[in-house]
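J.: Pasting a structure here, questions to come.
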Amino acid sequence: MSRRRTAILISGRGTNMSALISAAMDPGFPAEIALVLSNRPDAKGLERAAEFGIATAVVDHTDFAGDRQAFERQVDAALKDHRIELVALAGFMRILTPFLVNAWSNRMINIHPALLPAFKGLATHERALEEGVKLHGATVHYVSAEMDDGPIIVQGAVPVLDTDTPETLAARVLDVEHRIYPKALELVASGKARISGARVTAGGNDGETAEPLIWP
Ligand code: GAR
């Protein structure tokens, strides 16, 4: 089985990155993590990736004086250098322009800490508590030109407790993120995920052979 060469793009601590790397250590997993790229040289996840023996690269966005496309051309060149086929954004905190989104159309996925389309953007846990929602969670989706938008692959939900703070809720959602991101990458890398308009399906439509796209 040929495994899809996958890059993970990070900006920070990289716990989702670690979850993807751990899943891909199974030789039967359909993606291999061939590169971890960060826009921040001090991202903690870079050290962790190197400990796993994975190639790392830094494209520091501050070197491009606000020229987002020049930054993205450099990212794209690094991905091509490493013969990357799929890209997984894992806490990559840069807004992408249509250049990179189109270059990786249907081959770039992202994880967002909310049940999209609710709570796009930042401070999702604070806003979920403010709005009084009873269910919160995380979403893995294909990346489209709009921020935190694009066909949804997998979602995982957690109950919101009366005692929750943004921190306790974030921790429970992060645990879900680590469960659903490997599942989503598996579906995409294996070719089981199929995009049909806004909807992603995986497997048969008889409810039995279909892969579950929700957690738990
Ligand atoms: C994760 O919670 C991820 O969902 C979020 O950043 C965190 C990164 O943590 N991403 C976004 O908010 C993107 N809109 P990690 O570095 O430990 O994986």
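The values are calculated or read from the model by the stated rules, or taken from the named source; none is laboratory data. Since the structure is predicted, the reported quantities are computational estimates derived from the model, not experimental observations. No Cβ is skipped: glycine too gets one built from the backbone with ideal geometry, and neighbour counts run over all protein chains shown. Side chains are part of the model used for accessible areas, which takes the heavy atoms of the whole protein and leaves out ligands, DNA and RNA. Shrake-Rupley method; radii C 1.70, N 1.55, O 1.52, S 1.80 Å.
J.: How many percent of the accessible area of the chain is carbon or sulfur, using a 1.4 Å probe?
T.: On the chain, the fraction of accessible area on carbon and sulfur atoms equals 52 percent.
J.: Continuing with this model, one more query. Any lysines with Cα under 17 Å of the residue 192 Cα? List them, leaving off those in the same chain fewer than 8 positions away.
T.: List returned: 183.
J.: Take the alpha carbon gyration tensor of the range 121-163, find the square roots of its eigenvalues, order them as a ≥ b ≥ c, and report rounded if a/c is under 1.5; if not, report prolate when a/b exceeds b/c, else oblate. Walk me through the numbers before you get to the answer.
T.: Working: a/c = 3.85, a/b = 1.80, b/c = 2.14.
Judged from the Cα gyration tensor, the range 121-163 comes out oblate (a/c at least 1.5, b/c at or above a/b).
J.: Mind listing the phi-derived Karplus ³J(HN,Hα) values for the range 65-72, rounded to whole Hz, using 6.51, -1.76 and 1.60 with θ = phi - 60°, and x for any glycine or proline?
T.: Using θ = phi - 60°, the values come out as 6, x, 7, 4, 5, 5, 4, 5 Hz.
J.: Follow-up. Give me the one-decimal Kirkwood hydrodynamic radius in Å for the range 77-216, with the sum taken over alpha-carbon pairs.
T.: Computed over the range 77-216, the radius equals 15.8 Å.
J.: If you don't mind, there's one more thing I want to ask. Taking θ as phi - 60°, what are the ³J(HN,Hα) couplings along the range 183-199 by the Karplus curve (6.51, -1.76, 1.60), each to the nearest whole Hz, with x for Gly and Pro?
T.: 4, 5, 5, 4, 5, 6, 5, 7, x, 6, 6, 10, 8, 9, x, 7, 9
J.: How many nm is it between the label spots at residue 67 and residue 198, if each spot is 7 Å from the Cα in line with the beta carbon?
T.: Reported label-point gap for residue 67 and residue 198 is 3.8 nm.
J.: Setting aside same-chain residues fewer than 8 positions from residue 134, which lysines have a Cα under 23 Å from its Cα?
T.: Partners found: 120.
J.: Amide H to amide H under 5 Å from residue 11: which residues, 5+ apart in sequence or cross-chain, H placed 1.01 Å off N in plane?
T.: When sequence neighbours closer than 5 places are left aside, the close amide H contacts are 92, 93.
J.: Can you say what percent of the DSSP beta bridges in the chain, counting only those with both residues inside, are antiparallel? Round to 5.
T.: Restricted to the chain, the bridges split so that about 45 percent are antiparallel.
J.: Hey, what's the chain come to in accessible area per residue, 1.4 Å probe, Å²?
T.: 49
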